Amino acid sequence: MLANRLAKRQKHLRKWARRTGTDAYRLYDRDIPEIPLCIDLYACLVSLSLYERPYEKDEAEEDLWLEAMCEAAAGALGIEREAIYIRRRKRQRGTAQYERVSRAAREVIVREGGLRFRVNLSDYLDSGLFPDRRRLRARIREEAADKKVLNLFCYTGSFSVYAASGGASSVDSVDLSSPYLEWARTNFTLNALNPGNLVRADALLFMEEAKRARKTWDIIILDPPAFSNSKRMRGTIDLGRDHGELIKSCLSLLSPGGTLYFSANTKGFKLNAQVPGAGIEDITEKMRDEDFRGKRIPLCFKFSSE
C-alpha cells in the first residue's frame with residue numbers, strides 16, 4: 001500500500017517540483033491511517049518519520065516494520081535503502097526537538113525557489129528546512145525589497161535568506177542556538193548573500209531591549225517553538241499560553257504600515273481573543289502548497305500595524 005501511494009504521489013509531484021524549482025517536498029503524511037509515517041524528499045535523500053503511536057508496540061516488531069516500510073519506499077522511489085533516514089517523532093518538550101541526536105552529518109544541499117539550503121537528515125529531529133513554510137518564505141521575499149526585516153526564533157535562517165534575496169535593506173536574525181546561527185550563516189554563504197545581523201539572544205529579552213532603544217522593523221517573522229524551557233532563557237514559552245504577549249511585543253516593534261507574520265505549529269491552537277487592534281488576517285490556506293493539499297499545515301496569521 002505504501003509503495004503504491006508513494007509511486008502515485010511522486011509521479012504527481014515530480015512535474016510540479018521541476019516547474020517550481022524545488023527538490024525538497026513532502027511525499028506522504030499519514031495518508032493511510034495504519035501507516036503513521038511522514039516522508040519528505042530532500043534532493044537524493046529521504047526522511048522517514050514515525051509518529052508516536054497511541055498504543056504500545058513491541059520495539060523489535062516496530063523495528064522490523066519500519067525496515068519493511070523503508071524497503072517499500074526505496075523501491076517505489078527508485079533509490080537505495082541507505083538514502084532513507086529514520087526518525088521517531090514523539091511529543092517534544094523543552095528544547096528536545098532542537099538537540100543533536102547524532103553526529104553522522106548526513107547532509108545534502110537542496111534547491112528551493114532559486115535558492116540553496118543545507119539540510120541534515122541524521123543529526124537532529126528536524127532537517128533544517130520545513131517544507132510546510134515554503135509559501136510563507138516566498139511571500140517574505142516578495143515583500144522584502146528595501147524593508148527592514150526581523151526574524152525571531154530564526155532557527156537555520158531560511159526566512160532571513162529569502163528576505164535578503166528579495167532585497168531587504170537589513171535583516172536581523174535572532175536565536176539562542178549558536179549551532180543554528182552558524183547553520184544560518186552557511187545558508188547565506190550558499191547563496192552569496194550578506195548574512196546581516198545574526199544575533200544570539202533570548203528573543204524575549206531582545207524585544208525588550210529593542211523597545212527601550214526604540215528600534216522598529218517593517219517586517220517581523222514570529223515562528224516560535226510550541227514550547228521551550230531552555231536554561232539560557234529567562235523563562236519558559238508555552239505558545240498556547242504566551243502567544244498573545246509575544247504578538248503584542250512584536251507589534252510594538254513594527255514601523256507604521258509594517259507587517260507581522262505569526263506562525264503556530266501547535267495542534268488545537270486558537271488565537272487569543274485579546275490580541276490588540278491591528279488588522280488580522282488568517283492566511284493559512286494561502287500558504288498551502290501543492291504537496292500539502294489535504295494535509296495539516298501550521299496556522300499562519302498576518303498582522304498589519306495601524
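The values are calculated or read from the model by the stated rules, or taken from the named source; none is laboratory data. Being a predicted model, the structure only gives us computed values, none of them experimental. As a convention, Cβ positions derive from the backbone with ideal geometry for all residues, glycine included, and neighbour counts pool all protein chains shown.
Screening segment 138-160 for residues that are touching a strand residue (DSSP E or B) at 6+ places or on another chain (Cβ under 8 Å) and more than 19 Å from ALA203 (Cβ to Cβ) and picking the one that is surrounded by the fewest Cβ atoms within 10 Å (Cβ to Cβ) gives GLU143.
Could you tell me which of the residues ALA145, ALA96 is modelled with pLDDT of 95 or more and small (Gly, Ala, Ser)?
Exactly one residue qualifies, and that residue is ALA145.
Looking across segment 284-295, the residues that are in a loop (DSSP other than H, G, I, E, B) and closer than 23 Å to LYS11 by Cβ come down to ARG288, ASP289, ARG293, GLY294, LYS295.
The test for being free of Cβ contacts under 8 Å to residues at least 60 places away in the same chain and buried (at least 18 other Cβ atoms within 10 Å of the Cβ) holds for LEU50. Which residue pairs have Cβ atoms under 9 Å apart, sit 6 or more places apart or on different chains, and have a first residue in segment 12-28 that is in the same structural domain as ARG296 (by TED's automatic domain parsing) and modelled with pLDDT under 95 and a second that is basic (Lys, Arg) and loosely packed, with under 14 Cβ neighbours inside 10 Å? Listed pairs, sorted by first residue: none to list. SER230 fails exactly one of the following numbered conditions: (1) over 18 Å from the mean Cα position of the chain (by Cα); (2) buried (at least 21 other Cβ atoms within 10 Å of the Cβ); (3) of a type outside the set (D, E, K, R); (4) at pLDDT below 95. What is the number of that condition? Evaluating SER230 over (1) over 18 Å from the mean Cα position of the chain (by Cα); (2) buried (at least 21 other Cβ atoms within 10 Å of the Cβ); (3) of a type outside the set (D, E, K, R); (4) at pLDDT below 95 leaves (2) as the failure.
If you check TYR124, TYR55 for being at pLDDT below 95, among the aromatic types (Phe, Trp, Tyr) and not assigned by TED's automatic domain parsing to the domain that holds TYR25, only one passes: TYR124. Restricting segment 14-47 to residues that are more than 16 Å from the chain's Cα centre (by Cα) and hydroxyl-bearing (Ser, Thr, Tyr) leaves a set whose member that is surrounded by the most Cβ atoms within 10 Å (Cβ to Cβ) is TYR28. For the criterion of being modelled with pLDDT of 85 or more and of a type in the set (Val, Ile, Thr), VAL101 fails.
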